[in-house]
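Take a look at the structure set out below.
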Amino acid sequence: MTKLPTISAAKLIRKLLKAGFQDAPKRGKGSHRALIRRDKEGKHILSSFL
């Protein structure tokens, strides 16, 4: 299996924001971030990371 490329957290956040994610209210604390996006069916997609 091939290794996935390593990317920085800042680059990942920029890519997710560009893909339509927004900061999740009351989800991130300190250095932790949570991003949320609503899909076509109205379901929430949550991405949480350090």
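Computed from backbone phi, the HN-Hα couplings of region 16-25 come to 5, 5, 5, 7, x, 6, 10, 4, 7, x Hz, rounded to whole numbers (Karplus: 6.51 cos²θ - 1.76 cosθ + 1.60, θ = phi - 60°; Gly and Pro given as x). Derived scalar couplings between HN and Hα for region 31-38 equal 8, 7, 10, 9, 10, 9, 8, 9 Hz in order, rounded to whole Hz, by the Karplus curve 6.51 cos²θ - 1.76 cosθ + 1.60 (θ = phi - 60°), x for Gly and Pro.
Once backbone amide H atoms are built at 1.01 Å from N, ALA24 has ALA34, LEU35, ILE36 as its partners under 5 Å, excluding neighbours fewer than 5 places away on the same chain.
Read-outs: derived from the displayed coordinates by stated rules, not from any lab. This is a predicted model, so every value here is computed, not measured.
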